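Asks: One structure is given below, represented as structure tokens, and several questions about it will come after.
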């Protein structure tokens, strides 16, 4: 069973819920009516953190689970925690200024790249091993 990866997936879902809630609160705070997504730079940064996280989640979750299934549950989960940490760093940086989002983006994208390589290596090892 892939217990550690399951826990990281639930933490990811909780983080996404938190980001969604931040958008709701920011809409009220900055008086941004649905369906608008522009009109206030502070709101737009909150919105973009949420949307960018959604944009990366398919890549992250697919590579997380493939790496866990074919290589290592513990290694995949550890990289998943790094990804979440990168997303938190992205959130804190982007909340201050657009220019400060880079370090968090770098951490989460490297974590995804390593998960991708791990998934590919794990699949190749299983394929070659029979």
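The values are calculated or read from the model by the stated rules, or taken from the named source; none is laboratory data. Note that the structure is a prediction, hence the values are computed from the model and not measured. Note: ideal-geometry Cβ built from the backbone for every residue, glycine included; neighbour counts use all protein chains shown.
Asks: Considering only residues of the range 27-49 that are free of Cβ contacts under 8 Å to residues at least 40 places away in the same chain and crowded, with 19+ Cβ neighbours inside 10 Å, which is nearest to residue 84 (Cα to Cα)?
Replies: Here the residue is 47.
Asks: Moving on. Looking at the range 73-89, can you tell me whether even one residue there is part of a helix (DSSP H, G or I), within 17 Å of the chain's Cα centre (by Cα) and farther than 14 Å from residue 111 by Cβ?
Replies: Within the range 73-89 (the criterion being part of a helix (DSSP H, G or I), within 17 Å of the chain's Cα centre (by Cα) and farther than 14 Å from residue 111 by Cβ), the answer is no, since none of the residues qualifies.
Asks: Pull out all pairs, ordered by first then second residue, where Cβ-Cβ is under 9 Å, the residues are six or more apart or on different chains, the first lies in the range 55-67 and is farther than 23 Å from residue 1 by Cβ, and the second is at pLDDT 95 or above.
Replies: The qualifying pairs are 56/83; 56/87; 56/108; 56/109; 56/112; 59/112; 59/115; 59/116.
Asks: Does residue 74 qualify as being surrounded by fewer than 16 Cβ atoms within 10 Å (Cβ to Cβ), in contact (Cβ under 8 Å) with a residue 60 or more places away in the chain and over 21 Å from residue 117 (Cα atoms)?
Replies: So residue 74 fails the test.
Asks: Still on this structure: Within the range 16-26, which residues are over 18 Å from residue 81 (Cα atoms) and within 19 Å of the chain's Cα centre (by Cα)? Quick ask: steps written out before the conclusion?
Replies: Applying the first criterion (over 18 Å from residue 81 (Cα atoms)) to the range 16-26 yields 20-26.
If the condition is that a residue be over 18 Å from residue 81 (Cα atoms) and within 19 Å of the chain's Cα centre (by Cα), then 20, 21, 22, 23 are the ones that fit.
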